[in-house]
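S.K.: Quick one: this structure, given as structure tokens, is what I'll be asking you about.
The values are calculated or read from the model by the stated rules, or taken from the named source; none is laboratory data. Given the structure is predicted, the values throughout are model-derived calculations rather than measurements. Quick reminder, even Gly has a Cβ in these numbers, built from the backbone with ideal geometry, and neighbours come from all protein chains shown.
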């Protein structure tokens, strides 16, 4: 564990990424209780107030709602859903990918074919169509659908990680002392794939943020009045000349969060993969 | 011989994928909650008119018959009739928009493929040095941004700030895309942002691993100059994985198109899909999604063949020496 | 042969720098190679032999430093710029590498890769270069040179690939050719052919050679003089006979005594081992590099002794090899170490009957085992030898249950176990243990040694108490020379030899009756190999278990086995007692194999049988004898059409061959070792 900290110390990029991520997590947990405006509060006297004026740090939108408050509240849903999706899709991916890769043969062939077919629809399109048809997305619905859309990809990664371990002799040794399949898969192999799995989870976290923001932008994400960064962008798009802050700040919020996670996950993948 | 076999096998599988996809899309869309006819006509419609529409749409027929009718129409080139725009044949609007999107996608490809290969190779050759660090960071940052975020940033700079490019990609009535090429630039750049990061990073890592290969060492120690080794020995091997990556990401690109076209109001397949979903125009959704799938499958097939053709290890079988 | 040296290295130092410290890779290396001389460099992994060759070629990583002189025909290469170096590389100094396949660019034709050398160095046109390439290829006895240049590397066999690499090095008629383990990845019969070619070309073109290898036997075959390296220093330098017969440096002597070699058998000799392990060398160290592990060290060794010409043309950094103040370790075992009275029991433990194993899809089936019969008694070691693809590993894996035989029976202790591990009883699983080639891969890196050894005890012996298990584990660890402190270590914290000993401990922790060893020492250095072999011999004697010992190395097989089985393409060629197969081989393939074996003792002369071509495609069904296509004593078409009959020479010795038994029995003179 210490070596990871040491390597983290040497990587300013990773530190920056981690710091921004932690700020956002803090904002999501503690932020709302510190805010002076609620995210739904409309102030018809103060519409499109420029940043910094009238006590509105990042200004207000066309309905006079405080942009800063909405961004802080928005971080809650996006972080929650992204975290859940990256975990859920990784767990599902591990179970499916491990089963397919471990048993091989016809099971694996069928798995690969199904995955190829599912991957033919871009995850965004898949999620969009399903959410669009179902209408009224909730946090639970969004989480489940995005997780399903991601599972083919995570399952492939998990299968690949398993295959590199499956051919090793310690697996053979476990077999010929009569270990069960479950034992071999999850006790012998899983700990040795932890590197790629962690890399996948962190990378998936960034993808989830992108995906959820995009779905919100397309209007099939969380429904109003819940503040959603993507939705804030599309709602105010027409104001880009008149009140650019209403569009730009939510965009920058997304950008800072995804870039932060990517920087950190890049570091994780370097550390985890160089380890062997 | 080996190549032909692979070709036939892959082609068969490609067709199978499209078939499976069509089934999946059809059932996914058809099982949507609520009565389709009711949805189309609105809550105020009378029961008789709903029943009449159900009858006209054949909604009371068994599911498989409806699927066969729909798929049969597709094969004959009949995409059916739009539900939302009553009486409009999808064919009449669909292909023009597809054409626009293809032009947009090709423009983006034209931007990002050479750019990302060039920078990826450069970063790979300079592994661990300053140019590598800069290119890698830029790639990482652009890759992480959703298309609409980079789009907003581009709009703010080029349309709102510098005012040199249009803020929205609208083709005035009576004109066509070719008279308005400037509307392609910002959407294409938004896609380039994402794709550049992804492809250049892949290109970099394949270049790095090729440069560490034994045969590169052998070439250098044969006395070949470094530039020659990079271009003649390393590049071809390092490009092979990139071809696959670009092909695999055609699906992603078309997913991204939906976002980009929505942002810019670009009249293409993406915004068509979006409005179809918003208006619950089932036949149109089916047509759009199936077409996106088709593009992806076709791109994968093409790159796979290209890869096999360029890779002698697949093209020529190991012969008895 | 005293002429102006082609290459003269003087006091060469190379160090690698990491963020925190500096590791000395080469220290004060001085060597010279005369015209038309072949210099062999031997040493174990980490001794700096590859660094030496990279240093000569100026191909060191950025974070390294190099000082000293490398005089190539009087010019100092150390001061050359990279651009000037390209004039030397490939043209005046050429290289051949260990792994021919990865050293050839997979996406360029062989012709292209040959032509570019002449085009760059001699300014030839592509057409002239093609001509030159084809001519050079014919020097290497490659039949269809014009056809080969159009092929890609993956389309030809490993032996051919290495010849292409040698041809590439030869194109510019270099003054010096450096060969870095060029035959290590090849089979022993192919190796013999390649080594012959190297020798022939050296004389034909009056080249100098530097031949780097871990295997002193291979080096002996081509070299005039030998340099022994240890931890970045040359510790001894002299001609091959003196190095073997009168080594001056204790390391050289210890290393040679580690190696299984002709005349050294488990019955009469225990292999020497070198205590300790090779550690990284820091810049502060001054003394003899071997001092920490040397049994003959004295106070003066802490300071550098220095290379001294002890006898004409024989340099050594030490004079204590034959020192008398510390006597030599007694290497020979007492005669009759097998108790005379106790006649070895003839209880058959394993019987294999007509075993077949096919892999792969229909139509492309690989016939890995093609009808093998075998019986093995308790207390016996059966050595299985053959080249890659002969089915020896498949046989081991089938017996241990990793795979199910396609056809045939395996009877173990009276039970039919021709099934995969899943259908075997816990007793059978316990009774048959397998030791793998690569200990780094056979021990799960996520577990501690205690878990690794304890798991089979829990699973197969049902020892539930953790304390009880720990006690047993500590006992078994002691037996394999690992202390209690290893309990909580993970495989990555162990050296290769320690890992393999832990793997042996795991196998023996549950008292098996049959141990299948699949190339258990092939990945290890000579000194480490010796310790594992000694351990296996001792444990076998103590436990009375039977061994099936699979190896490609006939010296190892010969040292350890009671019986030897020679396999070729999934079938048995010859089987018999060690003395019978090793002393008077009857099958032509055994003859060829024996005459290809590299000897540690350079004065031994073996037969000159060379096999050409490659084994036939294993997916084709072979009607006759699988060896017929390459056999130097082929009888006639009968060899291709009819399976060879079994010919018995004694109760225990037989071969499958069409040559009449009388002829096989009479022509013993060409085989084996002639002193």
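S.K.: Can you pull out every residue in the stretch C:354-363 that is part of a strand (DSSP E or B) and surrounded by fewer than 16 Cβ atoms within 10 Å (Cβ to Cβ)? Steps first, please.
M.R.: Residues of the stretch C:354-363 that are part of a strand (DSSP E or B), as a first pass: C:354-359.
C:354, C:359, listed by residue number.
S.K.: Let me ask something additional. Could we say that residue B:314 is over 16 Å from the mean Cα position of the chain (by Cα), more than 11 Å from chain A (Cβ to nearest Cβ) and assigned to a helix (DSSP H, G or I) here? Step through it out loud before you land on a result.
M.R.: Values: over 16 Å from the mean Cα position of the chain (by Cα): yes; more than 11 Å from chain A (Cβ to nearest Cβ): yes; assigned to a helix (DSSP H, G or I): yes.
For residue B:314, the condition - over 16 Å from the mean Cα position of the chain (by Cα), more than 11 Å from chain A (Cβ to nearest Cβ) and assigned to a helix (DSSP H, G or I) - is met.
S.K.: Looking at C:169, C:145, C:192, C:133 in this structure, which one is at pLDDT 90 or above and over 29 Å from the mean Cα position of the chain (by Cα)?
M.R.: C:133
S.K.: Run down A:164, A:143, A:154 and say which single residue is within 30 Å of residue C:400 (Cβ to Cβ), part of a helix (DSSP H, G or I) and touching a helix residue (DSSP H, G or I) at 6+ places or on another chain (Cβ under 9 Å). Before the answer, list the steps.
M.R.: Numbers: A:143 fails: within 30 Å of residue C:400 (Cβ to Cβ); A:154 fails: within 30 Å of residue C:400 (Cβ to Cβ).
Every option except A:164 fails the conditions.
S.K.: Return the residues of the stretch C:424-450 that are more than 10 Å from chain A (Cβ to nearest Cβ), without any contact (Cβ under 8 Å) to a residue 60 or more places away in the chain and outside any loop (DSSP other than H, G, I, E, B); say none if nothing qualifies. Give the steps one after another, and end with the answer.
M.R.: Looking only at the stretch C:424-450, we keep the residues that are more than 10 Å from chain A (Cβ to nearest Cβ), and these are C:427, C:431, C:448-450.
The next check asks that each one be without any contact (Cβ under 8 Å) to a residue 60 or more places away in the chain; those that pass are C:427, C:448-450.
Residues satisfying the conditions are C:427, C:449, C:450.
S.K.: Of the conditions (1) in contact (Cβ under 8 Å) with a residue 40 or more places away in the chain; (2) more than 30 Å from residue A:63 (Cβ to Cβ); (3) surrounded by fewer than 22 Cβ atoms within 10 Å (Cβ to Cβ), residue A:179 fails just one. Which one is it?
M.R.: Condition not satisfied by residue A:179: (1).
S.K.: Just need a number here: residues in the stretch C:71-99 that are in contact with a strand residue (DSSP E or B) (Cβ under 6 Å, 6 or more places away or on another chain) and either under 19 Å from residue B:228 (Cβ atoms) or facing chain B (nearest Cβ under 10 Å) (or both). Break it down into steps so the answer makes sense when it comes.
M.R.: So in the stretch C:71-99, the residues in contact with a strand residue (DSSP E or B) (Cβ under 6 Å, 6 or more places away or on another chain) come out as C:71-72, C:76-78, C:93-98.
Imposing the further condition that a residue be either under 19 Å from residue B:228 (Cβ atoms) or facing chain B (nearest Cβ under 10 Å) (or both) reduces the set to C:93-98.
Total satisfying the criteria: 6.
S.K.: Among the residues of the stretch C:72-96, which ones are surrounded by fewer than 20 Cβ atoms within 10 Å (Cβ to Cβ) and at positive phi?
M.R.: Matches in the stretch C:72-96: C:73, C:74.
S.K.: Still on this model: Condition check: within 9 Å of chain B (Cβ to nearest Cβ), touching a residue at least 24 places away in the same chain (Cβ under 8 Å) and under 21 Å from the mean Cα position of the chain (by Cα). Does residue A:222 satisfy that? Step through it out loud before you land on a result.
M.R.: Details: within 9 Å of chain B (Cβ to nearest Cβ): no; touching a residue at least 24 places away in the same chain (Cβ under 8 Å): yes; under 21 Å from the mean Cα position of the chain (by Cα): yes.
Answer is no for this residue.
S.K.: Restricting to the stretch C:180-209, give me the number of residues that are touching a helix residue (DSSP H, G or I) at 6+ places or on another chain (Cβ under 7 Å) and closer than 26 Å to residue C:24 by Cβ.
M.R.: So the count comes out to 1.
S.K.: Is it the case that residue C:610 is touching a helix residue (DSSP H, G or I) at 6+ places or on another chain (Cβ under 8 Å), in a loop (DSSP other than H, G, I, E, B) and under 30 Å from residue C:240 (Cβ atoms)?
M.R.: Spelling it out, residue C:610 is indeed touching a helix residue (DSSP H, G or I) at 6+ places or on another chain (Cβ under 8 Å), in a loop (DSSP other than H, G, I, E, B) and under 30 Å from residue C:240 (Cβ atoms).
S.K.: Filter the stretch A:167-176 down to the residues that are free of Cβ contacts under 8 Å to residues at least 12 places away in the same chain and either touching a strand residue (DSSP E or B) at 6+ places or on another chain (Cβ under 9 Å) or assigned to a helix (DSSP H, G or I) (or both) and list them by number.
M.R.: A:169, A:172, A:173, A:175, A:176
S.K.: Of everything in the stretch C:282-312, what is more than 15 Å from residue C:255 (Cα to Cα), assigned to a loop (DSSP other than H, G, I, E, B) and touching a helix residue (DSSP H, G or I) at 6+ places or on another chain (Cβ under 8 Å)? Give them in sequence order.
M.R.: Once the filter is applied, which keeps residues that are more than 15 Å from residue C:255 (Cα to Cα), assigned to a loop (DSSP other than H, G, I, E, B) and touching a helix residue (DSSP H, G or I) at 6+ places or on another chain (Cβ under 8 Å), the stretch C:282-312 yields C:286, C:287, C:288, C:297.
S.K.: Which of the residues spanning the stretch B:118-139 are surrounded by fewer than 21 Cβ atoms within 10 Å (Cβ to Cβ), within 12 Å of chain A (Cβ to nearest Cβ) and touching a residue at least 40 places away in the same chain (Cβ under 8 Å)?
M.R.: B:138
S.K.: If you don't mind, another one. Any idea which of C:169, C:192, C:185 is more than 25 Å from residue C:118 (Cα to Cα) and buried (at least 21 other Cβ atoms within 10 Å of the Cβ)? Let's see the steps before the verdict.
M.R.: On the way: C:169 fails: more than 25 Å from residue C:118 (Cα to Cα); C:185 fails: buried (at least 21 other Cβ atoms within 10 Å of the Cβ).
Within the list C:169, C:192, C:185, the selection yields C:192.
S.K.: Just for the stretch C:403-440: of the residues that are buried (at least 21 other Cβ atoms within 10 Å of the Cβ) and under 30 Å from the mean Cα position of the chain (by Cα), which one is modelled with the lowest pLDDT?
M.R.: Ranking the qualifying residues of the stretch C:403-440, first place goes to C:439.
S.K.: A follow-up question, please. Among the residues of the stretch C:348-362, is there at least one that is out of contact with any strand residue (DSSP E or B) (no Cβ under 6 Å at 6 or more places or on another chain) and either at pLDDT 90 or above or more than 30 Å from residue C:596 (Cα to Cα) (or both)?
M.R.: First, the residues of the stretch C:348-362 that are out of contact with any strand residue (DSSP E or B) (no Cβ under 6 Å at 6 or more places or on another chain): C:361-362.
Checking the rest, the ones that are also either at pLDDT 90 or above or more than 30 Å from residue C:596 (Cα to Cα) (or both) come to C:361-362.
Yes; the residues of the stretch C:348-362 include at least one that is out of contact with any strand residue (DSSP E or B) (no Cβ under 6 Å at 6 or more places or on another chain) and either at pLDDT 90 or above or more than 30 Å from residue C:596 (Cα to Cα) (or both).
S.K.: Would you confirm, using the coordinates I've provided, whether residue A:121 is under 29 Å from residue B:19 (Cβ atoms), outside any helix (DSSP H, G or I) and within 14 Å of chain B (Cβ to nearest Cβ)?
M.R.: Numbers: under 29 Å from residue B:19 (Cβ atoms): yes; outside any helix (DSSP H, G or I): yes; within 14 Å of chain B (Cβ to nearest Cβ): yes.
Yes.
S.K.: State yes or no: is residue C:102 within 9 Å of chain B (Cβ to nearest Cβ), in contact (Cβ under 8 Å) with a residue 24 or more places away in the chain and either under 22 Å from residue B:213 (Cβ atoms) or not in a strand (DSSP E or B) (or both)? Can you show your working first?
M.R.: Numbers: within 9 Å of chain B (Cβ to nearest Cβ): yes; in contact (Cβ under 8 Å) with a residue 24 or more places away in the chain: no; either under 22 Å from residue B:213 (Cβ atoms) or not in a strand (DSSP E or B) (or both): yes.
No, not satisfied.
S.K.: Tell me the helices (runs of 4 or more DSSP H) entirely within the stretch B:232-296 that contain at least 1 residues that are under 30 Å from residue B:207 (Cα atoms) and modelled with pLDDT of 85 or more. Please lay out each step first, then the result.
M.R.: Numbers: elements: B:235-248, B:250-264, B:269-278.
Counting at least 1 such residues, we get B:235-248, B:250-264.
S.K.: Looking at (1) farther than 30 Å from residue A:194 by Cβ; (2) more than 9 Å from every other protein chain (Cβ to nearest Cβ); (3) under 15 Å from the mean Cα position of the chain (by Cα), which one does residue A:208 not meet, given that it meets all the others?
M.R.: (1)
S.K.: Taking residue A:229 as the residue in question, decide whether it is buried (at least 21 other Cβ atoms within 10 Å of the Cβ), in contact with a helix residue (DSSP H, G or I) (Cβ under 9 Å, 6 or more places away or on another chain), more than 10 Å from chain B (Cβ to nearest Cβ) and over 30 Å from residue A:5 (Cβ atoms). Even if it seems obvious, please write down each step before you answer.
M.R.: On the way: buried (at least 21 other Cβ atoms within 10 Å of the Cβ): yes; in contact with a helix residue (DSSP H, G or I) (Cβ under 9 Å, 6 or more places away or on another chain): yes; more than 10 Å from chain B (Cβ to nearest Cβ): no; over 30 Å from residue A:5 (Cβ atoms): yes.
So residue A:229 does not fit the description; no.
S.K.: Let me ask something additional. Looking at (1) away from chain A (no Cβ under 11 Å); (2) in a helix (DSSP H, G or I); (3) surrounded by fewer than 17 Cβ atoms within 10 Å (Cβ to Cβ), can you tell me which one residue C:481 breaks?
M.R.: Residue C:481 satisfies all of (1) away from chain A (no Cβ under 11 Å); (2) in a helix (DSSP H, G or I); (3) surrounded by fewer than 17 Cβ atoms within 10 Å (Cβ to Cβ) except (2).
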